[in-house]
Amino acid sequence: MAHIYSIDFFYDLLFIMFLVGLVVFVSLYFVDAGYGKMRSDKWGPAINNKVGWLLMECPVFFVVLYLYSKAVSSPDPMISQAVKNAPYWVFFLIFEFHYFQRSFIFPFLLKGKSKMPFAIMILSVVWNLINGYIQGYFLFHLAPQDPTYSQLYTSGWLTDPRFIIGTLIFITGWCINMHSDYVIRTLRKPGDTNHYLPKKGMYKYVTSANYLGEITEWLGFAILTWSLAGLLFFWFSCCNLVPRSNAIYHKYEEEFPDEFDRKKLKRIIPFIY
């Protein structure tokens, strides 16, 4: 069996996860992921939503932190010196910035007493552990030893058009994501239990603006790292969130048919889908 820190294991896992993403994409057009707006008892026992979000998001934060720390203290100077360079710092900070907010801030902004299926949380933990390993191991252990990436990820990478464009796309996606979450949180005043169709920000164009922000972020990350690891993250995000946005679209369509006819809303990609 290949060691988890071997190149063969890494690329085998990468290939497998691309295939798993395809299976997830197809499956979610037939089975609703039972959390959030699509919460369903058929997924079994549930836990507090805040606790669920915290537990399922924080593993990736700690895995990447561990892999970066391990690289910094590596006995191999090729690795330990490389990861102290600016591009690696930026990769680390961008990734951890997103997941710090997602793990330790976002859950405590959630309102209400909704719950998350325990099974969904476990599946998410598994994905986040795998994704944390893929991103952290590639960026901080494989890339410094790869002739192509060791030459690419120098200080000059910070002025490369791919890095600049990718970073701008990532920031745009993050802003869309944060604002969309805010819009959802403030739809109802205290004590109000009615349902509303979100209309502000990118919700003027799509019913899942928060998911639009998420996939935009990881598209940017894939570009700014110019890596298969980053591409996998973008691919898996699309495979999970695009079909889920379809389910949410139809739920809103049933609840607010008149507004849907007027607005001609899309699911997750403005004017397209």
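The values are calculated or read from the model by the stated rules, or taken from the named source; none is laboratory data. None of the values given here were measured: they were computed from a predicted structure. Using ideal geometry, Cβ is built from the backbone for each residue, glycine included, and neighbour counts are taken over all protein chains shown.
If TRP53 satisfies every condition in (1) of a type in the set (A, V, I, L, M, F, W, C); (2) surrounded by 20 or more Cβ atoms within 10 Å (Cβ to Cβ); (3) closer than 30 Å to GLY156 by Cα but one, which is the exception?
So TRP53 meets the others, but not (3).
Please state which one of ILE169, ILE269, ILE165 is within 16 Å of the chain's Cα centre (by Cα) and under 30 Å from LEU13 (Cβ atoms).
Answer to the check: ILE169.
Filter the range 151-204 down to the residues that are within 30 Å of GLU255 (Cα to Cα) and basic (Lys, Arg) and list them by number.
ARG185, ARG188, LYS189, LYS199, LYS200, LYS204
With under 25 Å from TYR88 (Cα atoms) and assigned by TED's automatic domain parsing to the domain that holds GLU255 as the only criterion, which of SER208, SER227, SER180 stands out?
SER227
Taking the residues in the range 82-103 that are assigned to a helix (DSSP H, G or I) and either touching a Ser or Thr at 6+ places or on another chain (Cβ under 9 Å) or at pLDDT below 95 (or both) as candidates, determine which candidate is surrounded by the most Cβ atoms within 10 Å (Cβ to Cβ). Full working, then the answer.
We begin by selecting, within the range 82-103, every residue assigned to a helix (DSSP H, G or I); these are 82, 86-103.
When the remaining residues are screened for being either touching a Ser or Thr at 6+ places or on another chain (Cβ under 9 Å) or at pLDDT below 95 (or both), the result is 82, 86-87, 90-91, 94.
Working: ALA82: 22, ALA86: 13, PRO87: 23, VAL90: 17, PHE91: 27, ILE94: 19.
The extreme case among them is PHE91.
Could you run through the range 207-255 and say how many residues are surrounded by fewer than 20 Cβ atoms within 10 Å (Cβ to Cβ) and among the basic types (Lys, Arg)?
Result for the range 207-255: 1.
Please work out if SER124 is outside any helix (DSSP H, G or I), crowded, with 16+ Cβ neighbours inside 10 Å and either assigned by TED's automatic domain parsing to the domain that holds PHE138 or under 18 Å from the mean Cα position of the chain (by Cα) (or both).
Considered against the rule, which asks whether it is outside any helix (DSSP H, G or I), crowded, with 16+ Cβ neighbours inside 10 Å and either assigned by TED's automatic domain parsing to the domain that holds PHE138 or under 18 Å from the mean Cα position of the chain (by Cα) (or both), SER124 comes out as no.
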